Amino acid sequence: MAPDERGRPDPARPDADFPVAAGVLFGLGLGGFFDGIVLHQVLQWHHMLSSWYPITSIENLELNTLWDGIFHSATYVFVVIGLFILWRRARGRHLRWSNRALIGSLLVGWGLFNLVEGLIDHQWLGVHHVNERVDRAHWLAWDLGFLAWGLPMLLGGVGLLRTGRGTVADPPAALRR
């Protein structure tokens, strides 16, 4: 956003000041947290390396648990970097950001997570598949469903980012006077 004569953000374009990169990083982190917490831990459909090292021994379980932790650490780093970007952009300013830009950037990040995870880990490397508890003949269907879930998130997020330009969140009632 171009600053005005005093160096402040131009109020005519409040959406331009939204840190989309922060939202995308938050979305990547949320996608990773959902995958790691729900699919790895709660449902126990797979672990990080469970196609390469099936959970058939304590050693393989320990190895997979270690790599699940490394995976969770990486998604945590995405969130920390996103928070840093958000903090740097917002520090010392009163900004009205677009809800569409926030939600859109989160969806872009989460959709990117699903597509990258699905293409690289599930298809290319084959380190694990979405649901390894079903018959092996059905693994591809679950993997394609994971990709099919990520693509609409990515496209919907891009659409929201495009339509979010020039719109801002409604201010709280206390500020509308």
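The values are calculated or read from the model by the stated rules, or taken from the named source; none is laboratory data. It should be emphasised that the depicted structure is a prediction, and the values quoted were computed from it without experimental measurement. In this analysis, Cβ positions are derived from the backbone assuming ideal geometry, glycine residues included, and neighbour counts consider all displayed protein chains. Just so you know, the surface numbers come from the protein's heavy atoms only, side chains and all, with ligands and any DNA or RNA stripped out. Shrake-Rupley method; radii C 1.70, N 1.55, O 1.52, S 1.80 Å.
Among the residues here, S50 qualifies as part of a loop (DSSP other than H, G, I, E, B) and open to solvent by less than 80 Å² (accessible area, probe 1.4 Å).
Checking each residue in the stretch 18-47 for being open to solvent by 10 Å² or more (accessible area, probe 1.4 Å), more than 29 Å from D135 (Cα to Cα) and assigned to a helix (DSSP H, G or I) picks out V20, A21, V24, L25, F26, L28. Only residues that are without any contact (Cβ under 8 Å) to a residue 40 or more places away in the chain and within 21 Å of L28 (Cβ to Cβ) were counted in the stretch 47-76, giving 6.
Scanning the stretch 117-138 for residues that are in a helix (DSSP H, G or I) and either surrounded by 20 or more Cβ atoms within 10 Å (Cβ to Cβ) or touching a residue at least 24 places away in the same chain (Cβ under 8 Å) (or both) returns E117, G118, L119, D121, H122. Under the condition of being open to solvent by less than 10 Å² (accessible area, probe 1.4 Å) and at pLDDT 95 or above, the residues counted in the stretch 96-116 number 5. Within the stretch 55-73, the residues that satisfy the criterion of being within 18 Å of the chain's Cα centre (by Cα) and open to solvent by 50 Å² or more (accessible area, probe 1.4 Å) are I70, S73.
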